[in-house]
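Written below as structure tokens is the structure these notes are about.
What follows draws every value from the coordinates through simple rules; no lab data is involved. Everything numeric here is computed off the predicted structure, so don't read it as measured data. For neighbour counting, all protein chains shown are included, and Cβ atoms are generated from backbone atoms with ideal geometry for every residue, glycine included.
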Amino acid sequence: MTTSPTQSDRPEPAQQAPVQAVRFSPKVPLILFLTTLVVVLGSDLFIKSWSFEHVAGQPVELVAGADNTPADIPQHIGMSVVPKLLALRLTLNTGAIFGIGKGAQWFFVFVSVIATAFICFLFWRAPRNAYTIQICYALILAGALGNMYDRMVYNAVRDMFWLFPGVHLPFGLNWPGGSPDMYPWLFNIADVALIVGVLTLMVLVQLADMRQRKLAKTSD
């Protein structure tokens with residue numbers, strides 16, 4: 001016959017270390033955001049300046065505050081970067097993407113200012129560990145600022161990238177306007193940053209929505 005152990009004789013339950021939430025330094029998102037913003041915006045402005053200095057065979061001097069137009073750029077064949085894939089050729093876009101809304105420069109500046117404030121607000125509200133989203137916000141902001149700078153200074157956006165130079169549409173087809181080029185629109189780094197940032201955000205939102213629906217179905 002055995003007696004039950006006293007309170008002091010009973011083994012103490014093993015103590016588990018408290019679970020601590022993973023904390024992210026508040027400086028990391030800001031550094032990532034600012035680094036992406038500075039690199040992309042700086043690259044955009046540098047490539048624009050370099051291209052208008054060298055691509056046309058002579059420096060193209062734009063007048064700050066004047067109504068600069070594509071007619072101010074001398075005729076030139078462009079500069080091949082990757083044959084049949086990418087070349088540099090200069091133009092000035094007085095509208096938005098694909099030349100839409102020509103002549104409404106200060107409207108686009110106003111929209112860019114609103115977009116800048118909105119992107120900064122979204123970044124402030126974004127989860128601190130959502131690094132991909134923060135990079136997307138930085139890309140969108142860099143694109144908006146890069147083109148806004150051109151509109152405020154030159155009343156036009158400097159474009160230079162030309163996809164598929166010398167490659168024409170099949171079967172003798174032409175775009176509206178008569179161009180037979182596979183991709184007749186010229187663009188810059190700011191345009192690329194805007195498109196990549198927006199499209200990536202759309203994909204992330206769609207994936208998050210799909211996960212939410214999946215969780216909702218499993219919980220039913």
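What the table below lists for this structure:
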| read-out | value |
| --- | --- |
| Around Met160: net Lys/Arg minus Asp/Glu count, Cβ-Cβ under 13 Å | -2 |
| Rounded, prolate or oblate (a/c below 1.5 giving rounded, otherwise prolate when a/b exceeds b/c) for the range 126-171 by Cα gyration tensor | oblate |
| Estimated distance in nm for a label pair at Gln212 and Ala130, the labels positioned 7 Å out from Cα along Cα-to-Cβ | 1.1 nm |
| Three-way shape call for the range 27-213 based on the alpha-carbon gyration tensor, with the a/c threshold at 1.5 | prolate |
| Cα gyration tensor category, rounded, prolate or oblate, for the range 143-215 with a/c compared to 1.5 | oblate |
| Lys, Arg +1 and Asp, Glu -1 on Cβ, resulting dipole of the range 27-213 about Cα centre, debye, nearest 20 | 720 debye |
